[in-house]
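Comments concern the structure below.
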Amino acid sequence: MKTFPVILALAVLTFFRASAQVTVEVSTEQDAFLTSESLVVAVKITNLSGQQLHLGAETNWLKFSVESADGSIVNKTAEVPVLGEFDLESSQLAIKRVDIAPYFTMTKPGRYRITAQLTIKDWNRTIMSPAKVIDIVTGAKIWSQDFGLPSAGGLPEMRRYTLEQANFLRQQLRLYIQLSDVAESYVYKVAALGPMVSFGQPEERVDRLSQLHVLWQTGGQSFSYCIIAPNCEVLKRDIYDSFNGRPKLVVGDDGEVSIVGGTRRIPASEIQPTPPLPAATNAAPANK
């Protein structure tokens with residue numbers, strides 16, 4: 001009987017040594033987000049325990065919690081689904097990315113802390129990550145326009161595009177697109193379009209398909225151009241330089257939007273590879 005506490009202590013010590021070799025870390029690509037913007041977190045799981053881990057078989061193997069700066073727990077509307085089971089060998093790491101914005105009510109500007117909780121079923125233990133601190137900020141509206149979507153046999157459904165700018169780093173302005181109903185009581189989606197300069201006003205045009213075209217300046221001679229679908233999906237991104245005059249948006253008689261002026265940068269994906277040179281031959285001419 002006297003050996004039981006010693007055995008128990010050794011078992012606990014063994015577990016903590018093993019669990020200390022499995023770490024969980026939460027990161028984001030940016031430190032500030034607008035309300036309703038997608039908030040994709042990357043959870044890095046590192047296994048240095050000396051044994052294989054089987055993860056993802058249970059629905060609650062990876063859970064998230066969010067609290068505000070004052071320590072109050074943010075309301076969770078549902079568990080964040082993290083799908084796909086896998087084996088993680090010792091000395092390996094895995095990264096799971098998931099958008100947690102639809103599952104937490106972070107509507108108030110302020111600072112928030114995101115924590116991930118990993119459950120290892122075979123050990124019957126959970127491991128918590130350090131908190132990742134992010135800020136929810138408000139944007140300044142710089143433009144909006146209502147547009148209609150065709151509906152079957154009735155009036156078109158009206159929605160609103162809104163461009164906002166936010167200085168979330170206090171050094172860099174970023175441009176955002178928001179899709180909402182006309183009253184802006186319901187926001188369907190917010191997406192970041194990219195950095196912008198403090199001088200110069202973006203150009204906006206809606207084409208005959210209700211797609212939004214946005215052209216804005218990102219540097220002394222550089223401009224970004226995006227086409228955004230009525231569901232707020234960014235369909236196209238291009239970069240223009242003002243070497244051949246400043247680019248600008250024009251609308252044709254057919255309702256199509258195009259860019260005149262400027263020089264479009266050719267992305268690497270469109271550059272055709274140089275064909276290989278024919279192999280040199282050193283064969284001597286045949287004797288006649």
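The values are calculated or read from the model by the stated rules, or taken from the named source; none is laboratory data. Treat the numbers as computed from the prediction; the structure is a model and nothing was measured. Here the Cβ is made from the backbone with ideal geometry for all residues, glycine too, and neighbour counts use every protein chain on show. Areas reflect the complete protein model, heavy atoms only, side chains present, ligands, DNA and RNA absent. Shrake-Rupley method; radii C 1.70, N 1.55, O 1.52, S 1.80 Å.
Observations on the structure shown:
- In region 253-267, the residue that is farthest from residue 206 (Cα to Cα) out of those that are of a type in the set (A, V, I, L, M, F, W, C) and modelled with pLDDT of 90 or more is 260.
- Some residue of region 184-194 being closer than 25 Å to residue 267 by Cβ, in contact with a Lys or Arg (Cβ under 7 Å, 6 or more places away or on another chain) and not in a strand (DSSP E or B): no
- Residue ID - nearest to residue 195 (Cα to Cα), chosen from residues in region 251-263 that are open to solvent by less than 70 Å² (accessible area, probe 1.4 Å), part of a strand (DSSP E or B) and touching a residue at least 24 places away in the same chain (Cβ under 8 Å): 259
- In region 17-33, the qualifying residues are those that are modelled with pLDDT of 95 or more and not hydrophobic (A, V, I, L, M, F, W, C), and the one that is nearest to residue 107 (Cα to Cα) is 28.
- Any hit, region 45-60, residues being touching a strand residue (DSSP E or B) at 6+ places or on another chain (Cβ under 6 Å) and over 17 Å from residue 121 (Cα atoms): no
- Matching residues, region 134-190, being closer than 16 Å to residue 203 by Cα and of a type in the set (A, V, I, L, M): 142, 163, 175, 177
- So residue 174, is it under 16 Å from the mean Cα position of the chain (by Cα) and not in a loop (DSSP other than H, G, I, E, B): yes
- With respect to (1) open to solvent by 60 Å² or more (accessible area, probe 1.4 Å); (2) touching a residue at least 24 places away in the same chain (Cβ under 8 Å); (3) part of a strand (DSSP E or B), the lone exception for residue 130 is condition (3).
- Residues of region 235-250 that turn out to be open to solvent by 40 Å² or more (accessible area, probe 1.4 Å) and closer than 15 Å to residue 224 by Cα, as a count: 7
- The sole residue among 249, 235 that is touching a His at 6+ places or on another chain (Cβ under 8 Å), closer than 21 Å to residue 267 by Cβ and at pLDDT 95 or above is 249.
- Qualifying residue in region 146-168 (condition: in contact (Cβ under 8 Å) with a residue 60 or more places away in the chain and open to solvent by 60 Å² or more (accessible area, probe 1.4 Å)): no
- The strands (runs of 3 or more DSSP E) located wholly in region 19-59 that include 2 or more residues which are over 20 Å from the mean Cα position of the chain (by Cα) occupy 22-27, 40-47, 53-55.
- Reported count of residues in region 207-234, each being of a type outside the set (Gly, Ala, Ser), part of a strand (DSSP E or B) and surrounded by fewer than 19 Cβ atoms within 10 Å (Cβ to Cβ), is 2.
- Hits in region 202-255 (condition: basic (Lys, Arg) and over 19 Å from residue 159 (Cβ atoms)): 236, 237, 246, 248
- Hits in region 264-274 - residues which are assigned to a loop (DSSP other than H, G, I, E, B) and exposed (fewer than 10 other Cβ atoms within 10 Å of the Cβ): 271, 272, 273, 274
- Of residues in region 73-123 being in a strand (DSSP E or B) and hydroxyl-bearing (Ser, Thr, Tyr), the one surrounded by the most Cβ atoms within 10 Å (Cβ to Cβ): 112
- Among residues of region 46-72 being among the β-branched types (Val, Ile, Thr) and modelled with pLDDT of 95 or more, the one that is surrounded by the most Cβ atoms within 10 Å (Cβ to Cβ) is 66.
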